[in-house]
Amino acid sequence: MCRECGCSLPQKKHHHGEKNSSISGRKTVEVEVLAKVLDANDKQANSNREHFQEHGILALNLMSSPGAGKTTLLERTIETLKGSIRIGVIEGDLETDRDSQRIRAKDVPAYQITTGQACHLDAFMVHKGIHQLPLEELDIVFIENVGNLVCPASYDVGAHTNVVLLSIPEGEDKPLKYPIMFHSADIVLITKVDLLPYIDFDIEDAKRNIKKVNPKVDIIPLSAKTGEGMDRWIRYLTLKRELVE
Amino acid sequence: MHEFSVANSLLRLIEENVRQNHGKSVIKVVVKVGVLSGIEPHLLKVAFDHLKERSVADKSELIIEVQQVLIRCRECGYTGEVEDYQFVCKECGSHQLDILDGKDMVLKSIQMEA
Ligand SMILES: Nc1nc2c(ncn2[C@@H]2O[C@H](COP(=O)(O)OP(=O)(O)OP(=O)(O)O)[C@@H](O)[C@H]2O)c(=O)[nH]1
Ligand SMILES: [Mg+2]
Ligand SMILES: [Zn+2]
Ligand SMILES: [Zn+2]
C-alpha cells in the first residue's frame with residue numbers, strides 16, 4: 001500500500017509523519033495512520049481460510065437477496081452429493097434457526113448464527129461457526145450469508161469462493177443496481193429458471209448486466225425445483241473441491 | 001445497514017492510535033472510503049457521530065474522502081477511473097484490469113491534542 005494515500009500504487013516520494021501545530025494555544029499533533037479499517041476482519045478471514053485449507057475443505061460464501069433460494073439450493077446439493085462429498089453448513093440469519101433445521105433434517109451438521117441487528121456475517125462470527133463443525137469429517141463448508149444484497153459484500157468471511165444468487169422474480173437489472181455485490185462474485189447462479197415461462201425476465205440481458213460489472217465471472221442458470229442446470233453446479237463444486245487439495 | 005459496525009471498528013482503531021501517541025482528545029479524523037467498499041459515506045457519518053459520544057473522539061470532526069475505482073489495464077497500460085462500475089478498459093476494451101484503488105476504507109490520519 002502507498003504510504004501517502006493508502007492506495008495500492010507503488011510508494012511515491014513524499015514526506016509524511018507528524019505535523020505539529022497549535023490551535024488557540026493548545027498543542028495539537030496530526031498522526032498519519034494509513035490502516036484499513038476492516039483490517040482485523042481481513043486478518044481473521046485469512047485465518048479462517050487457513051483453517052479450511054488445513055482440513056482440505058472448500059468453503060463457499062452464498063450471498064443473495066432474501067428468498068433467492070440459498071437454502072433450497074443447499075438442500076438439493078446435499079441430496080445430490082450424499083455418499084460422495086461430505087458437507088457442513090454455517091447459517092447466518094437475523095432471527096430463528098429455521099434454515100439450520102432444514103439443513104440438519106438432511107443429516108448434515110449445521111451451525112446457526114443469529115446476528116440480531118447485524119445484516120451480514122463477518123469473519124469473527126464465521127470463526128465461531130468453524131469450531132462448532134466436525135472439520136475432520138468434511139469436504140465442503142457452505143456459509144449461507146444473511147439475505148441482503150448490500151452489506152455482506154463488504155466483509156471477507158474467509159471462504160474460497162463467493163457465490164451470488166440472482167433469482168428470476170427479482171428482475172434482470174439487479175446486477176446494475178447492486179454492482180458491488182455482483183462484482184464480488186466468483187460465480188453467479190441465476191436461480192428459479194423454472195419460472196421463466198411466467199415472468200418477463202430476459203436471461204441474456206441478465207448475463208450481459210452481470211458481465212458489465214464483473215466481466216470474468218462464471219454464470220450458471222439453474223432450478224433447484226426441476227433440477228435443470230444442477231448437474232453443472234455439481235460438476236463445478238466437485239472440481240473446485242479437488243483443486244483445494 | 002452495516003455502517004454502525006464499520007464506525008465501531010473505526011473508533012477502536014482511533015482509540016488504539018490515540019493511546020499509542022499519548023494523545024488526549026481527537027480533533028479531526030480523515031478517512032478514505034473506496035466506492036467498491038460498500039460503505040455509504042452519509043450513513044458512515046451518521047453512525048460515527050452517534051457512536052463517538054462515549055469515546056475519546058467525542059468532539060471530533062470526521063472528514064470522508066470518497067475514492068473512485070482506479071484501474072490499470074494489463075493489455076495497454078491505460079490507467080484511469082472506472083465509470084458506472086463498467087469494468088472494461090476505455091482505451092482497448094480489455095477486461096484484464098488491475099484495481100489500484102477504491103476497494104477499501106482506510107483511516108488516513110488523526111489530529112489530536114497532544
Ligand atoms: N419455483 C422455484 N421456487 C424456488 C426455487 N428455489 C427456491 N424456491 C422457493 O423460494 C422461496 C425461498 O427459498 P429459500 O431457499 O428459503 O431462500 P433463501 O435464499 O434461503 O432465503 P433467506 O435465507 O430467507 O434469505 C421458497 O418458497 C422456495 O420454495 C426454485 O428453483 N424454483
Ligand atoms: Mg435461507
Ligand atoms: Zn446493512
Ligand atoms: Zn487497455
Within the stretch A:150-162, of all residues that are open to solvent by 10 Å² or more (accessible area, probe 1.4 Å) and facing chain B (nearest Cβ under 10 Å), the one nearest to ligand 1 (Cβ to nearest atom) is A:150
Tally the residues that are in contact with a strand residue (DSSP E or B) (Cβ under 6 Å, 6 or more places away or on another chain) and of a type outside the set (Ser, Thr, Tyr), restricting the search to the stretch A:149-169. 9
Quick one: in the stretch A:211-225, of everything that is facing chain B (nearest Cβ under 10 Å) and not in a loop (DSSP other than H, G, I, E, B), which residue is least open to solvent (accessible area, probe 1.4 Å)? A:213
Within the stretch A:226-243, does at least one residue satisfy the condition of being crowded, with 16+ Cβ neighbours inside 10 Å, under 27 Å from residue A:139 (Cβ atoms) and among the aromatic types (Phe, Trp, Tyr)? yes
Hits in the stretch A:101-138 (condition: of a type outside the set (A, V, I, L, M, F, W, C) and buried (at least 20 other Cβ atoms within 10 Å of the Cβ)): A:111, A:112, A:120, A:122, A:129
Answer residue from the stretch A:88-100, given it is in contact (Cβ under 8 Å) with a residue 40 or more places away in the chain and surrounded by fewer than 22 Cβ atoms within 10 Å (Cβ to Cβ) and is nearest to residue A:226 (Cα to Cα) among those: A:99
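The values are calculated or read from the model by the stated rules, or taken from the named source; none is laboratory data. Keep in mind the model is a prediction, meaning the values are calculated, not measured. Positions of Cβ are generated from backbone atoms using ideal geometry, with glycine treated the same way; all protein chains shown enter the neighbour counts. Ligands, DNA and RNA are excluded from the accessible area calculation, which covers all protein heavy atoms including side chains. Shrake-Rupley method; radii C 1.70, N 1.55, O 1.52, S 1.80 Å.
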